Amino acid sequence: MAGETILVIDDDAAVRTVLTRALAQAGYEVRSGSNAAAMWELAASGEGDVLITDVVLPDAEAFEVLPRIRKRRPELPVVVMSARNTVMTAIRAAERGAFEYLPKPFDLSEMLDVVRRALESRHNDARQEAGGNGGEQMPLIGRSRAMQEIYRIIARLTQTDLTVMILGESGTGKELVARVLHEYGRRKHGPFIAVNMAAIPRELIESELFGHEKGAFTGAVARHAGCFERARGGTLFLDEIGDMPMEAQTRLLRVLQEGEFTTVGGARPIKADVRIIAATHRDLKQLIATGQFREDLYYRLNVATLRLPPLRERLEDIPDLVAHFVEEAAHDGLPRKHFTPQALDRLKQHRWPGNVRELENLVRRILAIHAEEEISAETVAAELEEFSAASSSALEEENGDPAQLSAFVERWLQAHFARHGDALPPPGLYQRVMREVERPLIAAALAATNGNQVKAAALLGINRNTLRAHMKALDIDLLRLPRMNNGQELR
């Protein structure tokens, strides 16, 4: 609204000049300053209808001053801008009560639109201020415009208890986003329980979600607390919600509607005191059209939506991601190496069907098996050719639907045997074949790396957590493995 005053605080004179001219042309009065002291002086004196400030100022961070301004001027909307384009900047801005966060370099038309919206909201109730540990680093990496928008949405959602639906391909970081929403949200002191719908046998889903009483069914020798009960006061993350069977969908809908549930075999209702975050890589609207997903459940879950971009749509983030993975791997004992600009360019040319997780696995593999200190484009190209096919198939098995994959392989085998007049394979053949192949393969990788799980996971093209889960499932004991010396087994 013309005639209102905007406060602009930035130690960069060029930024102040650009903003002052643009705001003046839009009809606003502008008062500016170059440090935190000037910001406090202007705001505390009652100046300004909107405050625009950079985060890093010569005498203090803006985040140190904003709580004081919020206390003195709760009606003053604050727009935070920063070249530190991370999710933590967006979250800290929201925690300090900022109206909006904009990454630098910003678009002037977007800034003017934010100012207009801030002025319109001046008379809304002051936002609730929330504390937090701003020094902690979260592994959401990326300066791309797509990721900046994700950061801003996350920052808003941490201030609410809304049900959230996270959409995105496998490997884009859906569980990571769910954990950030929990750890910086209102329920951060409660538990975070994650359950993958695709990984639970169909007949056990209701027991896993809602728990069961002793004697509820054959094998129920004791009471079992389900995910809803274990997540009380915290967050329940339902991963791959698109793979939930229809009967379980019906029970989940009832819980969301009534706010309570009963265990399998139980009669006493239990209050469902949890925040629900769901995620899927599948097209739920297509599943609704084919009768595989309840439309009413979709709308119950889809209160707020986050769509995570695939890596191929934010290739400019690859250098930052690689640098992060190199540092992270160094903490796990892998050597710290340098990727040349040409190597990074070669990574940007890849299609990344496995997204960020595929990139992480590739980086770890290169760090584990290549001796040179500087990673060249030729090394990356060779590894991509060898690694991508195996990595993609591993990711599909790990993050897709193992039950459907297993069923598909068994159906194919049965059709193959029947077509050739042979006896049908026994049920469960796929799992047995995989177990017979997978156990010696993992054991060999661990032996070749002298039990180093980080290096073994890199050799296999999977992440360390997946390796550990498979070691536990296959009963692989590191102490019983042979050790290798230059490829020769040690006895």
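The values are calculated or read from the model by the stated rules, or taken from the named source; none is laboratory data. This one's a predicted model, so the numbers in the text were calculated from it and none came from an experiment. Positions of Cβ are backbone-derived with ideal geometry, glycine not excepted, and every protein chain shown enters the neighbour counts. Heads up: the accessible areas ignore ligands, DNA and RNA and are worked out on the full protein's heavy atoms, side chains in. Shrake-Rupley method; radii C 1.70, N 1.55, O 1.52, S 1.80 Å.
For region 230-255, how many residues meet the condition of being out of contact with any helix residue (DSSP H, G or I) (no Cβ under 8 Å at 6 or more places or on another chain) and farther than 16 Å from I288 by Cβ? Qualifying residue count, region 230-255: 5. Within the span defined as region 58-66, one or more residues are in contact (Cβ under 8 Å) with a residue 40 or more places away in the chain and closer than 30 Å to K188 by Cβ.
Show me the helices (runs of 4 or more DSSP H) entirely contained within region 159-233 in which 3 or more residues are of a type in the set (A, V, I, L, M) and closer than 30 Å to R351 by Cα.
Filter on region 159-233 gives 174-183.
With respect to the stated conditions, D332 is modelled with pLDDT under 85 and more than 17 Å from the chain's Cα centre (by Cα).
The criterion of at least 1 residues that are modelled with pLDDT under 85 is met, among strands (runs of 3 or more DSSP E) falling completely within region 1-95, by 78-82. When F210 is tested against (1) under 22 Å from L284 (Cα atoms); (2) open to solvent by less than 10 Å² (accessible area, probe 1.4 Å); (3) not β-branched (V, I, T), exactly one condition is not met: (1).
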